[in-house]
Every structure is written in C-alpha cells, then in structure tokens.
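**Q** Following this message is one structure expressed as structure tokens.
The values are calculated or read from the model by the stated rules, or taken from the named source; none is laboratory data. Everything numeric in this text was worked out from a predicted model, so none of it was measured. Virtual Cβ from ideal backbone geometry, glycine too; neighbours counted across all protein chains shown.
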Amino acid sequence: ISLDDTELVKPKIRKKKIAVMTSGGDAPGMNPAVRAVVRAGIYYGCDVFAVYEGYEGLVKGGDLLKKVEWADVRSYLSLGGTHIGTARCKEFRERSGRLEAAYNMVINGIDALVVCGGDGSLTGADLFRSEWPSLIEELVSTGRLSSKQVAPYKHLTIVGLVGSIDNDMSCTDVTIGAFSALERITEMVDYIGATAASHSRAFVVEVMGRHCGWLALMAGLATGADFIFIPERPPSAQNWKQELKDVCSRHRAYGRRKTTVIVAEGAIDDELNPITSEEVKNVLVELGLDTRITILGHVQRGGTAVAFDRRLATMQGVEAVRAVLEMTPNTPSPMIGVLKNKIVKYPLVDAVKQTKAVATAIDNKEFDKAMGLRDTSFYDSYRHFRSITYDDDGSKQLMDTDKRLNVAVIHVGAASAGLNAATRAVALYSISRGHNLYGVHDGFTGLCQGNLTKLEWLEVEGWHSKGGSELGTNRSLPSQDFGKVAYYLQKFNIQGLMIIGGFEAFTSLHELYSQRSHYPIFEIPMVVVPATVSNNVPGTEYSLGSDTCLNQLVSYCDAVQQSASSSRRRVFVVEVQGGHSGYVASYCGLITGALATYTPESKINLNALQGDLDLLFKVFASDRGEDHNGKLIIRNEQASSVFSTELIADILKENANGRFETRTAIPGHVQQGYTPTANDRVMAVRFALQAMEFIEDWNGCGVVHERSSDKKKSKHKHVVIGIHGDTIEFTSVHKLYETEANVELRKGKTIHWDDMIEVSDMLSGKLLLK
Ligand code: ATP
C-alpha cells in the first residue's frame with residue numbers, strides 16, 4: 001500500500017461544528033462565556049457558530065445561525081448583556097418548534113450545542129436532547145431530510161452553561177451573572193442608604209429572585225440591611241410583622257438613622273402567602289418611619305460583568321468546549337457548574353431535576369428541605385445574617401456573664417477593602433453575645449501604647465461599605481516591643497486576638513507564636529484574617545480586598561482600552577500590584593483579555609518579549625478597524641528587576657516599526673480600593689464570624705452548628721483562617737511558616753491560579769502561535 005492509499009483508507013476526520021447560544025434573561029458574563037466558547041472551539045480545531053436570539057435562532061435558522069471567527073468576539077469581555085441576543089421563544093416550547101430547530105442544526109452540520117441560560121433554557125435543552133432521536137426520525141419519515149443527511153447526527157451533544165442572575169440553579173454554587181447582579185444591588189442600596197440616613201428614612205428594596213433568595217440574602221449581608229425576606233426561610237405568617245417591627249425599632253433605638261429591608265420578589269410567609277414590598281412598607285409606616293419602596297428591576301441585569309463573573313464565564317466556556325470534545329454517545333449531557341470553587345461537570349438532567357425540587361419543597365412548605373438543597377455557604381450566610389442582625393436583642397444568643405470574653409481586633413499592613421467590613425461583623429456579633437470587642441488603633445504601635453477602645457454598635461454599624469481602615473493600620477510588628485504587647489493584652493484581660501491584614505499580619509502572628517514561652521499571654525487563641533490586595537497570605541486561596549482590587553483593575557483596564565478606540569493601534573503595558581505574587585496579574589490578564597501577562601513566577605526574557613511582539617503583529621494585522629480598542633499587556637510590579645514597565649513599553653515600541661504605539665499605565669493605589677465589593681463584604685462577614693467562633697471554641701463557649709461547611713475545630717491556637725475551594729479551614733501558623741511560606745518573597749509557595757494562566761494564553765491566541 002502506497003502512502004496515498006493509506007490516506008484513502010484513513011477515516012476522514014470531520015471538523016466538529018459547535019453552536020453557542022444565550023437564552024432566557026440576559027446576565028452579565030454571557031458575552032465572556034460566548035468569547036471563551038468561540039475561541040476555545042477554534043483553538044481545538046472546531047468551527048464555531050453563533051445562534052442569534054436564543055432558541056428563536058435555532059427555530060428560524062437562516063441568518064440567525066452564523067459561523068463566527070476569532071476576531072468577532074474581540075471586546076466581548078467588557079460588554080454587558082449578550083451581544084448575540086437572547087429571547088423567550090414560545091415556539092421552542094412546542095415539539096413543532098424543536099423539529100425546526102433540529103432541521104436547522106442538521107442542514108448547517110452542527111454537531112453540538114452549548115446553551116448559556118437559566119433553568120428554563122436548560123430544561124428546554126434537556127428536553128431537546130431527549131427528543132432528538134425522534135425528531136430526526138420524523139425529519140426523515142416526512143422526507144425533509146434523507147437518511148444519509150442525518151447519519152452523522154444520530155446523537156445530539158448538548159452542554160449547559162448556567163447564565164442567570166438569580167443563582168437559582170441547583171448543583172452549582174454560583175451562576176454566571178449572579179455576582180454582577182449582587183454588585184449592582186449593593187451599589188444601589190449604598191446610594192439609597194445615603195439619602196435614607198439624610199432624611200432618617202426607611203427603604204424597602206425589592207430585588208430579583210422568584211424561587212431563590214440568594215441575591216436578597218447576600219445583599220442583606222453586604223449592605224448591612226436590618227431585615228430580609230427570602231423564599232427559602234419564610235417568616236411566620238402570624239408573627240412576621242411584629243418581628244420586623246422589633247428588629248427595626250431596636251436598631252433605631254441603638255441610634256441608626258436609616259432602615260433597610262430587602263425583599264426577594266418571591267418572598268412568602270410560612271403559609272405561602274406572598275409578602276409584598278407594599279405590605280412591608282405598611283408595617284414600617286405603622287412604626288412611624290417615613291418609608292419608601294425601590295424596586296430595582298432591570299438595573300440588576302445591567303452593566304458589564306464583575307471580575308468574578310468574567311473569570312467564571314471564561315473558565316466555564318473553555319470547559320464546555322472540552323466537554324463537547326470528550327463526550328461519547330453514552331455520556332449524559334453535562335451542565336458546567338462550580339462546586340467548592342472548582343469547575344465541575346454535572347448531568348444536566350439531574351441538575352434540572354434538583355432545581356425543580358427546591359421550588360417543590362417550598363410549595364410543600366418543606367422549608368428545611370429547600371434550605372438543605374441550597375449549598376452550605378448559603379446556609380452559613382443565613383446563619384451569620386441572623387446572628388449579627390436579628391439575634392442582637394440580648395435574648396437569643398447572649399452568653400452567661402462568666403462566659404463572656406474580651407477579644408481584641410487589630411489591622412496590620414497596607415489598607416485594603418474589607419478590613420472594616422470584617423471588623424464590623426465581629427463587633428456586632430460580639431455585642432450580641434455579650435463579649436467585649438476591643439479595637440486596637442494604629443496597629444502594633446498603637447497596641448504598645450495601650451491604644452485600645454471597646455467598639456460600640458453605632459460606631460461600627462456603617463463600616464460594611466467603608467474602604468481603608470477605620471482603626472488605623474501600619475506595617476509595625478509585635479517585635480518592636482513584645483513586653484508592651486504582652487502588658488497591654490494582659491491589662492485588658494484579652495482572651496483572643498484577631499489580626500486582620502496581609503503578609504505582615506501573618507508575620508506578626510508567627511512572632512507572637514514564637515515568643516509564647518516568654519510571654520504566657522501569647523497562649524491565647526489568635527487568628528489571622530487574610531486581607532490584602534495581593535492575596536499573598538500563606539494558607540488561603542483568597543484574601544479580603546483582592547476582589548475589590550480586581551474590580552478596580554477591570555474598570556481601569558476597560559477605560560484604558562477604550563481610550564485607544566479612536567487611534568486603534570495602541571498597546572498599554574499596565575503595571576499591577578501583587579508584590580512577588582502573580583495572582584492579581586494572572587487573574588487580571590485573564591479577565592481583561594490581555595495579550596501577555598508577566599508575573600514574578602514566569603520570568604520575563606527576550607524570547608518571551610519576541611513571542612509577544614509576534615502576537616501583537618498578528619493581532620494588528622487582522623485588525624478590521626471597526627471594533628478595536630487598545631491591547632493590553634499586564635505586568636506585575638515585581639515581575640523583573642530589569643524589564644521595568646517603561647522598558648517593556650520602549651522595547652515593544654522600538655520594534656513595532658510604526659505598526660503600533662505603546663503607553664504605560666500604572667493604576668497604583670486605586671487598587672487598594674475605595675468601597676469594598678459585595679463579594680469582599682460577604683466574605684468579610686464569613687471570615688470574621690468563623691474566626692470569632694474559633695476563639696469562642698478555644699475559650700469553651702462555642703456553639704455547635706449542625707450543617708456548617710467549615711472546619712472550625714483546630715488543635716492549634718495560632719492559625720490563619722483560609723478558604724480552600726469553598727471550605728473554610730484553620731491552619732497552624734507554625735506549619736505554614738515552616739512549609740508553605742516564602743518569607744523572603746512574602747508569599748505562599750503554592751500557586752493555585754495556574755489554570756487561569758493556561759486559559760488566558762489560549763484565548764489571547766498566544767498558544768496558537770506556538
Ligand atoms: P432566567 O433565569 O433569566 O429566567 P431562563 O433560562 O430560566 O432564564 P426562561 O424564560 O424560563 O428563562 O426560558 C428561556 C427559553 O427557554 C424559553 O423562552 C423557551 O424557549 C425555552 N424553554 C424554557 N422552558 C422550556 C421547556 N420546558 N421546554 C422547552 N423549552 C423551554
């Protein structure tokens with residue numbers, strides 16, 4: 001057999017054709033998801049089609065089904081809504097509509113469909129998949145298609161991406177768009193809060209969520225609301241009005257000048273009667289409060305996606321393509337979800353079933369079951385909301401006098417968003433339990449001067465939305481005077497210490513731990529709550545403030561890119577913070593679509609620069625001129641001592657030979673944030689309260705919670721609280737110092753973000769050049 005013959009007998013490998021669509025209500029993050037599917041599809045050698053206008057595009061076909069190219073999805077990361085359109089399509093609900101859809105798919109040669117939408121869209125997708133063989137049969141038996149035409153399309157490959165602001169899909173912890181909607185709600189409630197406090201008014205804010213209270217619950221935590229109404233935990237039909245009055249009037253009595261109540265649109269009481277915003281308003285009016293209603297409506301869907309959603313959508317979009325390529329006729333259609341912060345595939349049919357189960361449980365008044373079907377962080381968040389808001393009346397969780405503790409909280413290192421939110425949460429919790437929470441002013445320098453004051457309810461109640469550090473923070477360490485630190489801890493009879501901050505906080509704790517044989521007071525339980533934009537604290541995958549930093553960078557980079565839209569040929573080298581850790585740079589590179597990212601972990605050299613220059617030439621050569629913004633290169637501030645931001649810009653400019661210009665852009669302290677993001681605020685509550693429960697446990701006054709996701713117990717007293725996946729863990733500072741910390745470079749050794757680097761290079765086109 002000659003070589004040519006070998007070619008002949010080889011089965012012809014047909015390029016896979018993947019179609020991607022967005023369906024149902026639009027959600028921020030859908031465009032980044034489409035971009036990821038298109039580019040990953042092309043990267044893996046497939047043809048990718050966009051289906052315009054949701055299922056309508058499939059039903060009607062023609063121009064609504066078009067092949068898309070790499071360049072078509074440029075700028076998609078920063079676009080809100082969905083650029084390929086979405087619709088609620090009645091025809092697809094009927095078999096006749098789905099028959100048309102099947103016909104259009106076959107005549108366009110589509111092998112697989114990636115649907116990004118909510119539970120309705122994915123229910124439709126699942127039905128389409130299950131009916132597919134019979135639809136194909138009908139198309140043949142009615143003579144519309146021949147057996148030969150349908151032969152390659154015996155099985156339909158469908159992959160679901162959950163794009164929905166409600167976060168109402170089961171089997172995934174979070175859906176694409178939910179955190180963006182939460183951010184919008186939080187911003188709006190902050191705005192309303194300012195006017196409410198000015199006039200001493202009450203506001204009832206209605207948010208989306210027909211069967212799911214996630215938005216209302218998280219918004220309640222993020223905005224320091226007085227009361228929330230969510231469908232999974234309905235209040236008693238008999239008592240809710242009185243409960244609402246009790247909580248709101250108590251907070252007024254503490255001195256609060258505003259009242260905020262968040263109502264999910266699907267709010268009910270435990271007899272399943274709807275609770276409307278109007279009814280809630282009437283109760284507050286009875287209390288004598290000047291009350292207004294704000295129904296946020298479509299504002300919640302608006303705007304560009306937050307950093308978290310851009311990342312989630314991008315990583316899941318790539319995973320969807322990989323799933324298409326891996327599937328066999330026997331693989332059940334997957335939904336791409338995220339469980340414990342890891343991207344997972346879950347059988348679509350089961351996810352749809354479980355989602356329906358929540359609504360059914362609520363309809364059957366099985367509220368514990370409904371709550372049980374939500375993920376554990378939902379449960380913990382509800383518990384935390386109760387403990388700092390409802391149960392601060394001195395009756396529910398107040399400790400016996402002999403069990404009340406004196407605890408100190410201190411801020412260490414550079415300011416970052418989240419320090420105040422965490423302090424507020426632990427202060428409110430402490431007050432409700434009868435503990436004394438002392439705020440240490442001005443870090444360890446302040447502690448050495450005995451600068452501690454007891455934090456009061458009214459003093460901290462507005463700190464959830466304040467960036468920076470109200471207590472004052474600096475880089476001073478306990479080693480400046482261990483004796484004085486010990487003296488003042490003893491003088492105030494401190495029984496637990498919470499150190500909130502970055503690598504200096506970690507170092508401080510290790511210093512105190514190392515000195516405990518000299519100073520017995522250092523044997524009290526001590527916890528570091530990681531808070532730093534760099535996210536470089538050993539023992540955690542996330543630090544408070546890093547989400548705010550990334551969102552500041554997203555806004556900054558979007559603006560910088562757009563500023564070049566008229567000149568069209570400009571490359572910005574953006575220098576980001578992060579110390580010696582490449583986390584922020586890598587994350588930022590992924591979510592801004594940077595063409596290259598330079599981190600301390602991946603050394604910059606001339607070869608790398610040449611490769612990036614080649615990529616820039618290629619990108620500018622394919623520039624069609626109509627939708628082009630500036631191109632980005634992200635450089636971490638410590639990526640190289642030789643290749644500075646200026647030098648990289650100069651090298652690129654020198655070698656561009658006039659094909660493009662370069663500029664540097666250094667956002668600097670903007671990254672430390674102004675107002676913390678909703679995500680940082682919610683996590684601040686979670687970290688701070690779990691840390692406080694840890695201190696309580698060691699002092700013998702902890703409470704056991706049946707269904708917490710978090711491993712509270714630790715045999716060590718000096719720990720860093722951290723998150724791994726979605727689980728809170730306490731790790732001994734000694735162990736971290738010995739095994740995980742890179743003390744010289746002030747960071748942890750584990751790189752938990754390398755998947756972001758790989759995907760970033762794939763979608764920027766860098767890997768295609770190799
Ligand atoms: P959101 O969470 O934003 O409401 P969704 O995907 O749940 O998004 P739906 O309006 O419920 O939004 O569904 C979108 C589209 O999916 C519908 O217009 C319809 O075309 C299709 N669809 C929904 N449910 C079904 C079903 N049971 N059978 C067939 N198609 C369906």
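**Q** Working carefully through the options 284, 296, find the one that is touching a residue at least 60 places away in the same chain (Cβ under 8 Å) and under 30 Å from residue 78 (Cβ atoms).
**A** From the options 284, 296, the qualifying one is 296.
**Q** Further, regarding this structure: When you look at residue 337, is it crowded, with 23+ Cβ neighbours inside 10 Å and either of a type in the set (Lys, Arg) or touching a residue at least 12 places away in the same chain (Cβ under 8 Å) (or both), yes or no?
**A** In short, yes.
**Q** What's the total number of residues in segment 289-314 that are small (Gly, Ala, Ser) and either modelled with pLDDT of 95 or more or buried (at least 21 other Cβ atoms within 10 Å of the Cβ) (or both)?
**A** 3
**Q** Continuing with this model, one more query. Just the residues that are more than 11 Å from the ligand (Cβ to nearest atom) and in a helix (DSSP H, G or I), please, taken from segment 42-56.
**A** Hits for segment 42-56 are 42, 43.
**Q** Exactly one condition in (1) part of a helix (DSSP H, G or I); (2) free of Cβ contacts under 8 Å to residues at least 60 places away in the same chain; (3) more than 16 Å from residue 561 (Cα to Cα) is false for residue 616; which is it?
**A** (3)
**Q** Within the bounds of segment 118-128, is there any residue that is within 30 Å of residue 552 (Cβ to Cβ) and either crowded, with 19+ Cβ neighbours inside 10 Å or of a type in the set (A, V, I, L, M) (or both)?
**A** yes
**Q** Check every one of the strands (runs of 3 or more DSSP E) wholly within segment 392-458 and list those with 1 or more residues that are among the charged types (D, E, K, R).
**A** Details: elements: 406-412, 436-440, 452-454.
The strands (runs of 3 or more DSSP E) meeting that bar are 452-454.
**Q** Next up: For segment 30-41, check the following and say yes or no: at least one residue is more than 13 Å from the ligand (Cβ to nearest atom), surrounded by fewer than 22 Cβ atoms within 10 Å (Cβ to Cβ) and either at pLDDT below 95 or part of a helix (DSSP H, G or I) (or both). Don't jump to the end; show me each part of the working.
**A** Step one: list which residues in segment 30-41 are more than 13 Å from the ligand (Cβ to nearest atom), which gives 31-41.
Now restrict to residues that are surrounded by fewer than 22 Cβ atoms within 10 Å (Cβ to Cβ): none.
No, segment 30-41 has no match at all.
**Q** For segment 48-70, give me each residue that is surrounded by fewer than 22 Cβ atoms within 10 Å (Cβ to Cβ), under 10 Å from residue 101 (Cβ atoms) and small (Gly, Ala, Ser).
**A** 61
**Q** Separate question: Residue 332 passes all but one of (1) surrounded by fewer than 24 Cβ atoms within 10 Å (Cβ to Cβ); (2) free of Cβ contacts under 8 Å to residues at least 60 places away in the same chain; (3) within 27 Å of the chain's Cα centre (by Cα); which number fails?
**A** (3)
**Q** Tell me, which helices (runs of 4 or more DSSP H) wholly within segment 81-161 include 2 or more residues that are farther than 21 Å from residue 355 by Cα and more than 13 Å from the ligand (Cβ to nearest atom)?
**A** Where helices (runs of 4 or more DSSP H) fall fully within segment 81-161 and carry at least 2 residues being farther than 21 Å from residue 355 by Cα and more than 13 Å from the ligand (Cβ to nearest atom), they are 95-107, 119-141, 147-150.
**Q** Kindly indicate the residue of segment 20-29 that is of a type in the set (Gly, Ala, Ser) and within 10 Å of the ligand (Cβ to nearest atom) and also nearest to residue 303 (Cα to Cα) among those meeting that condition. Before you say what the answer is, go through the steps one by one.
**A** Initially, segment 20-29 is screened for residues of a type in the set (Gly, Ala, Ser), giving 23-25, 27, 29.
Cutting the leftovers down to within 10 Å of the ligand (Cβ to nearest atom) gives us 23-25, 27.
Numbers: 23: 18, 24: 17, 25: 14, 27: 9 Å.
Once the filter is applied, the top-ranked residue is 27.
**Q** Which residue out of 233, 184, 201 is in contact (Cβ under 8 Å) with a residue 12 or more places away in the chain and in contact with a Phe, Trp or Tyr (Cβ under 7 Å, 6 or more places away or on another chain)?
**A** 233
**Q** Can you name the residue in segment 562-592 that is closer than 16 Å to residue 631 by Cα and in contact with a Cys (Cβ under 9 Å, 6 or more places away or on another chain) and, of all such residues, is surrounded by the fewest Cβ atoms within 10 Å (Cβ to Cβ)?
**A** Here the answer is 572.
**Q** Considering only segment 57-80, state which residues are touching a strand residue (DSSP E or B) at 6+ places or on another chain (Cβ under 8 Å) and within 15 Å of the ligand (Cβ to nearest atom).
**A** Scanning segment 57-80 gives 57, 58, 64.
**Q** I'm trying to understand the selection: among the residues of segment 162-176, which are modelled with pLDDT of 90 or more, part of a loop (DSSP other than H, G, I, E, B) and of a type in the set (Gly, Ala, Ser)?
**A** Selection gives 164 alone.
**Q** Same structure, new question: When you look at residue 484, is it surrounded by fewer than 22 Cβ atoms within 10 Å (Cβ to Cβ) and touching a Cys at 6+ places or on another chain (Cβ under 7 Å), yes or no?
**A** yes
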